[in-house]
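Here the structure comes first, spelled out in structure tokens, and everything after it is commentary.
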Amino acid sequence: MKKPIDQFNASRRTLIKRGVTAAAVGAVAATGLLKPSLVRAQGTKSSKATMMYQSTPHGKDECANCIHFAAGKTAAADGTCNVVEGSIAPHAWCVAYAPKG
Ligand code: SF4
């Protein structure tokens, strides 16, 4: 039979492990790496709605300086993205944004 202090320590360890796991997942998601990896696993691009695509920048973050963006014929022309399906505007943004460099 476990002593009350042993049960307390086991619960505390469980909470710490879960907290570390949640923090790690959150950190990966924040880098924009989580969803593209899921996309690659599925072998298809995600819809704009799924990736919360918006036609305007998110602060200084925009498709033109995202590693997933393939530019169009000119700097102002729409291009494509290896994560999100369809035509992608250079000044748009989505949750999979990952800065170049
Ligand atoms: S911000 Fe989103 S839609 Fe734009 S290039 Fe990056 S991954 Fe694609």
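Summary of values
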item: Qualifying positions in the range 54-101 - within 7 Å of the ligand (Cβ to nearest atom), in a strand (DSSP E or B) and either touching a helix residue (DSSP H, G or I) at 6+ places or on another chain (Cβ under 8 Å) or of a type in the set (Ser, Thr, Tyr) (or both); result: Phe69, Cys81, Ile88, Trp93
item: Near pairs, Cβ below 6 angstrom, 6+ apart or cross-chain, from the range 75-94 (free of Cβ contacts under 8 Å to residues at least 12 places away in the same chain) to any residue that is more than 7 Å from the ligand (Cβ to nearest atom) and part of a strand (DSSP E or B); result: Thr80/Ala70
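Read-outs: derived from the displayed coordinates by stated rules, not from any lab. Quick caveat, the model's predicted, so the values are computed rather than measured. Because the Cβ atoms are built from the backbone with ideal geometry, glycine has one as well, and the counts that use them run over all protein chains shown.
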